[in-house]
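The values are calculated or read from the model by the stated rules, or taken from the named source; none is laboratory data. On a predicted model such as this, the values are computed, not experimentally measured, just so you know. Quick reminder, even Gly has a Cβ in these numbers, built from the backbone with ideal geometry, and neighbours come from all protein chains shown. Areas reflect the complete protein model, heavy atoms only, side chains present, ligands, DNA and RNA absent. Shrake-Rupley method; radii C 1.70, N 1.55, O 1.52, S 1.80 Å.
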Amino acid sequence: MSVLSCTDLGVAIGSKTILSGVGLSIDVGKVTAIVGPNGAGKSTLLSCLAGLRDPTSGRVLLDAAAMTGMKPRDRARLLAFLPQTPEIAWSVEARTLIELGRTPFTGARGQTGEDRAAVDRAMAAANVEALEHRIVDTLSGGERARVLIARALAGEPEWLLADEPLTGLDPAHQLDAAALFRRLADDGVGVIITLHDLSMAQRLSDRIIVLAEGGVMADAPSATAFTPELLKRAYGVETAIIQGPGGPLIDVVRRA
């Protein structure tokens, strides 16, 4: 079973410590949500786990191999990263953009039938077939977000790391994306996402990691991760946890 882990991970920018002493071990086949207040280091931790940022201290391992020692192409074949504010540099059709997700597998030979089939599967999973020939510049924010999810899936990675992937999606497409992440995990992919929506994090994930005060404040199964006391410490707010028809709802009452 593939494992993504970090040991005593720390990140400092100048004299400011962003993260300190973070130790995690995450298995494939699960949805892991990383939550925390603004500035807690969620995106920083995710980029370290993806091998895109070198920590100031500690190390990140993928199946016992140090992430810093992996060739970018080899890493990209195993792990897909979806940034919070991805840049789209070219005015191209959606399918062309999605095909870039196969780059780690293609070379001078160009795309094969296997590559095209993988792109087709990714487009179907993200429900973007109807957008195939649309120019990405003409897409709405939500449509663009789904196309970028498809690009990440085109490489059929063992791991999908996504930074606020539900941002910009309307409620219906949020539910679709959440269901997609759930299916990927059930199929054996390791899904790690950062979220601001605490109720969605609790409903969607198997495990919740709460970052606050420069480190891990809580790490627990989603059903038990949140308590009013924890949320008060982490976010400085008074909350009530309500059982709704779709699962737990976090009602933020007031500042603590």
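Looking only at the range 154-183, which residues are under 12 Å from the mean Cα position of the chain (by Cα) and within 14 Å of Asn127 (Cα to Cα)? Step through it out loud before you land on a result.
Quick first cut of the range 154-183, residues under 12 Å from the mean Cα position of the chain (by Cα) only: 159-167, 177-178, 181.
Scanning the range 154-183 gives Ala177, Ala178, Phe181.
If a residue has to be basic (Lys, Arg), open to solvent by 50 Å² or more (accessible area, probe 1.4 Å) and either in contact with a helix residue (DSSP H, G or I) (Cβ under 6 Å, 6 or more places away or on another chain) or closer than 15 Å to Leu161 by Cβ (or both) to count, how many in the range 1-46 make the cut? First the steps, then the outcome.
Step one: filter the range 1-46 for residues basic (Lys, Arg), giving 16, 30, 42.
Checking the rest, the ones that are also open to solvent by 50 Å² or more (accessible area, probe 1.4 Å) come to 16, 30.
Keeping just the survivors that are either in contact with a helix residue (DSSP H, G or I) (Cβ under 6 Å, 6 or more places away or on another chain) or closer than 15 Å to Leu161 by Cβ (or both) gives 30.
So the answer is 1.
Please identify the pairs in which a residue from the range 232-256 that is on the phi > 0 side of the Ramachandran plot has its Cβ atom under 6 Å from the Cβ atom of a residue that is open to solvent by 70 Å² or more (accessible area, probe 1.4 Å), counting only partners at least 6 apart or on another chain.
Gly236/Ala256; Gly247/Arg203
So is Thr227 modelled with pLDDT under 95 and of a type in the set (Ser, Thr, Tyr) or not?
Working: modelled with pLDDT under 95: no; of a type in the set (Ser, Thr, Tyr): yes.
For Thr227, the condition - modelled with pLDDT under 95 and of a type in the set (Ser, Thr, Tyr) - is not met.
For the range 47-65, enumerate the residues that are among the hydroxyl-bearing types (Ser, Thr, Tyr), closer than 12 Å to Asp8 by Cα and open to solvent by less than 80 Å² (accessible area, probe 1.4 Å).
Once the filter is applied, which keeps residues that are among the hydroxyl-bearing types (Ser, Thr, Tyr), closer than 12 Å to Asp8 by Cα and open to solvent by less than 80 Å² (accessible area, probe 1.4 Å), the range 47-65 yields only Ser57.
Would you please list the contacts, defined by Cβ atoms under 8 Å and residues six or more apart or on different chains, that run from a residue in the range 1-24 that is part of a loop (DSSP other than H, G, I, E, B) to a residue that is of a type in the set (Val, Ile, Thr)?
Listed by first residue and then by second, the contacts come to Met1/Val28; Ser2/Val28.
Considering each residue of the range 76-106, count those that are among the hydroxyl-bearing types (Ser, Thr, Tyr) and either touching a strand residue (DSSP E or B) at 6+ places or on another chain (Cβ under 9 Å) or buried (at least 21 other Cβ atoms within 10 Å of the Cβ) (or both), and give that number. Walk me through how you get there before you give the answer.
Applying the first criterion (among the hydroxyl-bearing types (Ser, Thr, Tyr)) to the range 76-106 yields 85, 91, 96, 103, 106.
From what is left, the residues that are either touching a strand residue (DSSP E or B) at 6+ places or on another chain (Cβ under 9 Å) or buried (at least 21 other Cβ atoms within 10 Å of the Cβ) (or both) are 85, 91.
Residues in the range 76-106 being among the hydroxyl-bearing types (Ser, Thr, Tyr) and either touching a strand residue (DSSP E or B) at 6+ places or on another chain (Cβ under 9 Å) or buried (at least 21 other Cβ atoms within 10 Å of the Cβ) (or both): 2 in total.
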